[in-house]
Structures are given as structure tokens and as C-alpha cells.
Amino acid sequence: MAGIALITGASSGLGQEIVRQLHREKYEEIWAIARRKERLLALQELTEIPVRAIPLDLTEESSIGELETLLGEEKPRISLLVNAAGFGKIGNYAEVPRRDSDRMIDLNCRAAVDLCTLAIPYMGKGSHIMNICSTAGFQPFPQLNVYAASKAFLYRYSRALRFELLGTGISVTAVCPYWVKDTEFIPGAKETKGSGKIRSFPLASGKKSVVSWALRDTYMGLPVSTPGPVCTAHRIFAKFIPAEAMMGIWELIRRS
């Protein structure tokens, strides 16, 4: 029985590309969540699946309450939950405004946890949760300290949630891409005084290949998806190389 796909951050970037790549036979409807209603309405042009635009700001507690009410009223069968909403800022502790740091934590961590908690009661055997984490979650990153820490949280949360859901038939996949060149993340992240301290984003991936790889891994029920050779190598190296050494390597890369 087909259910719905509930996708946050659906108006742009990886979330939008996921909408584009979903297949009609798998889902009866897409519930698309983001702040910008006009962009959500435009999603229907990208897919044959009916799209319900749900404009919400997930950093606001009232928006979480609205979604909880909607789920309670309609009681959908959720076949796929994608937590793609998130953002980051480049800069050290003094350069990133406190409000931006708070929003990163709220959106990248709290909102994702809230969405999982709300959605799981409407999921069943064969359902999937895809949490968009980042290769940044594998190590500490100076100049990306809050963003990387928030993605480390989501990565560890996803791994533990998967274990807690064993036996339910619900899988959880932590998707950990490297830089993605054709989304709004890099331009948005660079809008701080410290942005010049990361001078290049070498070997960045494209969103089409990242999403295709991530969806395949999610449908296979893998615990972690590293959708590309660079993030796969990063995951391996971070397991064996001390964090201080990894940060030193990052310093060399970001100044190159």
C-alpha cells in the first residue's frame, strides 16, 4: 500500500531534488515542508506525484504544533520521512551571529528530532527515514564549528534511533554528503565575515548524483549513506586518524 513522502527543506537543494526523483508508483502524495510557499507550490512542476504545500518555519515551536495537529487529523501512512531542512554558516565563534548559531541548532537538531517523533507513529513496516546529515559530522571543523557539531548530533541520533526501531520494519539512514556545489548551502554559508577563510570547495558533488545514491541506500535500509568517494574516504579516515590531526588537514585544505 502506497503512503506519503514527508519532506522538509523541500523548496530547494537536496530536498527539492528528492521531490524530483521520487517515483509515482511508490507514493500517493508528497507533503512538502519549507518556509517559502511560492517555491513549494512550484514543486508540482517537477513531479507527477501530487504535492501538498505546507509552509512552516520549523525553528518555531508553533509550526511543530501545526504539523502535529495536521497529522492527528489526517492520520496518513508515512512511507518516507526526509529531514532535509538545515543550514550552516562559515566563521569562527565570534564571526557567526548568535541568532544564526541558535537557528542552526534548532533546525539541524531539534526540528529533525521533532519530525521523527511526530512521524514514527504513522509509519510501519517498509517505511524509511532519511536524515540529511553531512560528512562534517565525522570530525570537528574549525570555521564550521556549530554546523559540524549539529550534524554530528543528527548522525549519532540517527544511528541510535535505527537501533531503537529494530523489529518495527522502519529503517533509518544517515545520509552524509560532502560539499554539494549546486545547492544554496555554499552561497548561504559564506555570508559571514569569516567566509573568506574557506577559499575553495574542491571535488564538490552534484545534487542529482547525491540524491540518487542516497535514495538507493535508503531503500536498501543502510544505516549510513556516504554518497560519493570523497565522503566515503572521509568516513574511513575519521575512524583512524585523531581529531587534532584531522583538523590540521582541514586547515591546509581550507586555505588552499
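The values are calculated or read from the model by the stated rules, or taken from the named source; none is laboratory data. Keep in mind it's a predicted model, so treat the numbers as computed, not measured. Ideal geometry is used to build each Cβ from the backbone, glycine not excepted, and the neighbour counts take in all protein chains shown. Heads up: the accessible areas ignore ligands, DNA and RNA and are worked out on the full protein's heavy atoms, side chains in. Shrake-Rupley method; radii C 1.70, N 1.55, O 1.52, S 1.80 Å.
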Matching residues, region 141-158, being assigned to a loop (DSSP other than H, G, I, E, B) and either among the hydrophobic types (A, V, I, L, M, F, W, C) or open to solvent by less than 10 Å² (accessible area, probe 1.4 Å) (or both): F141, L144
Evaluate the following for R24: is it assigned to a loop (DSSP other than H, G, I, E, B) and either more than 30 Å from P140 (Cβ to Cβ) or open to solvent by 30 Å² or more (accessible area, probe 1.4 Å) (or both)? yes
Within region 219-248, track down each residue that is in contact (Cβ under 8 Å) with a residue 60 or more places away in the chain and of a type in the set (F, W, Y). Y219
Conditions: (1) within 19 Å of R110 (Cα to Cα); (2) in contact with a helix residue (DSSP H, G or I) (Cβ under 9 Å, 6 or more places away or on another chain). S62 meets all but one. Number of the miss? (2)
Of the residues in region 53-93 that are assigned to a loop (DSSP other than H, G, I, E, B) and β-branched (V, I, T), the one that is least open to solvent (accessible area, probe 1.4 Å) is I90
Just a yes or no: is a residue in region 116-134 surrounded by fewer than 17 Cβ atoms within 10 Å (Cβ to Cβ) and part of a helix (DSSP H, G or I)? yes
Residues of region 220-244 satisfying the condition of being small (G, A, S), surrounded by 12 or more Cβ atoms within 10 Å (Cβ to Cβ) and not in a strand (DSSP E or B): G221, G228, A233, A238
Residue satisfying all of: in region 1-21; over 24 Å from P177 (Cα atoms) and among the hydrophobic types (A, V, I, L, M, F, W, C); least open to solvent (accessible area, probe 1.4 Å) among these: I4
